[in-house]
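Undergrad: Mind looking over this structure? Questions follow.
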Amino acid sequence: MNIQAIRDDTPAVKNLLHFNNAGSALPPKQVLEVIINHLTLESQVGGYEAAAINEKEIENFYQAIAKLINASTDEIAYAENATRAWDMAFYAIPFKKGDRILTGISEYASNYIAYLQVAQQKGVKIEVIPNDSYGQLDVKVLENRIDEKVKLISITHVPTNGGLINPAEAIGQIARKANILYLLDACQSVGQMPIDVEKIGCDILSVTGRKFLRGPRGTGFLYVNKKIVEQLTPPFLDLLSAEWIDKNTYKIREDAKRFENWERYVAGQIGLGTAVDYLLNLGINNVWARIQSLADSLRSKLKSLNKVILHDLGRHKCGIVSFTIKDADPLHIKEQLAKRNINIGISKRPYTLLDMQSRNLEDILRASIHYYNTEEEIEKFITHLLKLSK
Ligand SMILES: *Cc1c(COP(=O)(O)O)cnc(C)c1O
């Protein structure tokens with residue numbers, strides 16, 4: 001990868017050290033350009049007319065994403081964020097009283113809140129599978145918990161609060177063998193590492209645009225395997241997701257667009273398609289190799305600082321690096337770094353409550369690396385952190 005060219009496409013990095021890619025990454029200028037161009041066109045010719053002119057660019061969204069995750073275009077739905085994408089599929093599952101949902105300790109708050117809501121409304125049971133000795137979801141325990149009452153296996157691939165990568169593919173094998181629906185929250189993994197929905201064996205996958213994909217805010221997508229799409233009745237329908245046939249009849253679409261809204265942020269859809277094209281052009285294997293090497297380097301340098309405690313779980317770790325500093329308030333550290341033009345994030349305890357409770361953690365710092373970051377930035381970051389933690 002030509003890092004200089006990549007950084008030239010991301011002009012902000014000249015004076016900003018951005019380690020908050022798990023929060024919202026910096027988009028390449030190509031992405032910004034297509035968004036601005038489409039918004040400008042809308043203002044000049046009208047919104048519907050602009051969409052007609054940019055029909056190919058809008059359609060490219062489906063093609064680019066299908067290629068990235070090895071799906072077909074009719075298995076992709078555009079959504080306004082990852083949570084709504086996930087919700088549209090989750091609330092479409094026909095749960096009955098006594099059904100079981102198997103999930104993991106590092107589950108994201110919004111997902112778990114939805115399990116609780118459905119558990120309370122429908123008498124469904126939520127069961128949390130413990131972690132193995134690496135801190136990953138224990139696949140053996142999961143396998144032992146399978147019976148005919150399990151309606152859904154629903155897992156977060158990479159949690160919001162650390163470097164963990166859950167064993168998505170091993171979980172997929174269990175789900176396939178038992179013929180159980182498998183929903184994967186891949187919000188933090190798509191854009192970082194190669195994701196192949198066939199290989200993983202998930203039926204449903206949800207992703208946001210603004211994180212490792214480097215797309216605009218307010219965008220995301222949902223993948224639903226065409227073999228199961230007709231088992232899922234979306235909680236909301238409109239004139240795109242369904243057709244009004246006559247006074248007493250409507251018909252739901254047969255493809256993943258049954259989960260879409262008609263009205264949407266068109267410029268954002270074009271922008272996210274362009275962000276995925278940019279990634280495909282770099283090659284996801286190159287991206288993943290660089291993210292791992294930078295994150296390893298950051299972890300080993302952090303480890304050498306006296307007061308730093310690393311919190312990442314898992315056998316192989318990704319670009320999200322989580323830590324605390326002894327006797328220091330994470331918010332204070334984040335604010336002090338911000339004054340020096342360094343962005344990092346904070347993972348709050350309620351975002352991944354079960355995991356934070358189980359490890360006795362309060363809010364923690366999160367430095368998330370992308371391929372456009374550099375070793376020099378890591379050194380600069382460590383230098384500043386060392387001063388702040390004294
Ligand atoms: C950020 C995040 C989400 C939510 O994504 P939105 O686009 O904000 O809805 C879901 N799951 C995980 C693991 C996340 O990190």
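The values are calculated or read from the model by the stated rules, or taken from the named source; none is laboratory data. If you're wondering where the values come from, they're calculated on a predicted model, not measured in any experiment. So basically every Cβ, Gly included, is an ideal-geometry build from the backbone, and we count neighbours across all protein chains shown. For accessibility, only protein heavy atoms count, side chains too; no ligands or nucleic acids. Shrake-Rupley method; radii C 1.70, N 1.55, O 1.52, S 1.80 Å.
Every residue, every condition in (1) closer than 25 Å to Ala168 by Cα; (2) touching a helix residue (DSSP H, G or I) at 6+ places or on another chain (Cβ under 8 Å); (3) open to solvent by less than 40 Å² (accessible area, probe 1.4 Å), yes or no:
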| residue | (1), (2), (3) |
| --- | --- |
| Phe323 | yes, yes, yes |
| Leu337 | no, yes, yes |
| Asn341 | no, no, no |
| Lys348 | yes, no, no |
| Leu365 | no, yes, yes |
| Glu376 | no, no, no |
| Lys380 | no, no, no |
| Leu386 | no, no, no |
| Lys390 | no, no, no |
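Undergrad: Suppose we filter Ala275, Ala267, Ala256, Ala289 for residues that are open to solvent by 40 Å² or more (accessible area, probe 1.4 Å), at pLDDT 95 or above and of a type in the set (A, V, I, L, M); which single one remains?
TA: Selected residue: Ala289, the only one of Ala275, Ala267, Ala256, Ala289 that is open to solvent by 40 Å² or more (accessible area, probe 1.4 Å), at pLDDT 95 or above and of a type in the set (A, V, I, L, M).
Undergrad: Answer with yes or no whether Lys151 is assigned to a helix (DSSP H, G or I), modelled with pLDDT of 95 or more and not polar (S, T, N, Q).
TA: So Lys151 does not fit the description; no.
Undergrad: Search the range 15-33 for residues that are assigned to a strand (DSSP E or B) and pair each with any residue that is open to solvent by 10 Å² or more (accessible area, probe 1.4 Å) and more than 15 Å from the ligand (Cβ to nearest atom) when their beta-carbon atoms are under 6 Å apart and the residues are at least 6 apart or on different chains.
TA: Leu17/Glu377; His18/Leu26; His18/Asn343; Asn20/Asn343
Undergrad: Determine the pairs where a residue that is at pLDDT 95 or above, located within the range 85-98, has a partner that is within 12 Å of the ligand (Cβ to nearest atom) and assigned to a loop (DSSP other than H, G, I, E, B) with Cβ atoms under 7 Å apart, the partner being 6 or more residues away or on another chain.
TA: Between residues of the range 85-98 that are at pLDDT 95 or above and residues that are within 12 Å of the ligand (Cβ to nearest atom) and assigned to a loop (DSSP other than H, G, I, E, B), there is no close pair.
Undergrad: Can you find even one residue in the range 9-29 that is at pLDDT 95 or above and farther than 30 Å from Ile378 by Cα?
TA: No, there is no match, as no residue in the range 9-29 is at pLDDT 95 or above and farther than 30 Å from Ile378 by Cα.
Undergrad: Kindly indicate whether Tyr112 is away from the ligand (no atom under 16 Å from the Cβ), among the hydroxyl-bearing types (Ser, Thr, Tyr), in the same structural domain as Thr219 (by TED's automatic domain parsing) and in a helix (DSSP H, G or I).
TA: So Tyr112 does not fit the description; no.
Undergrad: Collect the residues in the range 90-109 that are within 13 Å of the ligand (Cβ to nearest atom) and either over 20 Å from Asn144 (Cβ atoms) or touching a Pro at 6+ places or on another chain (Cβ under 6 Å) (or both), keeping them in residue-number order.
TA: Hits for the range 90-109 are Phe90, Ser106, Tyr108, Ala109.
Undergrad: Would you be able to tell me the number of residues in the range 143-165 that are more than 16 Å from the ligand (Cβ to nearest atom), β-branched (Val, Ile, Thr) and more than 16 Å from Phe90 (Cα to Cα)?
TA: Residues flagged as more than 16 Å from the ligand (Cβ to nearest atom), β-branched (Val, Ile, Thr) and more than 16 Å from Phe90 (Cα to Cα) within the range 143-165 amount to 1.
Undergrad: While we're looking at this one, here's another question. For the range 115-127, what are the residues that are surrounded by fewer than 18 Cβ atoms within 10 Å (Cβ to Cβ) and in a helix (DSSP H, G or I)? Before you say what the answer is, go through the steps one by one.
TA: Applying the first criterion (surrounded by fewer than 18 Cβ atoms within 10 Å (Cβ to Cβ)) to the range 115-127 yields 116-117, 119-123, 125-127.
Answer for the range 115-127, where residues must be surrounded by fewer than 18 Cβ atoms within 10 Å (Cβ to Cβ) and in a helix (DSSP H, G or I): Leu116, Gln117, Ala119, Gln120, Gln121, Lys122.
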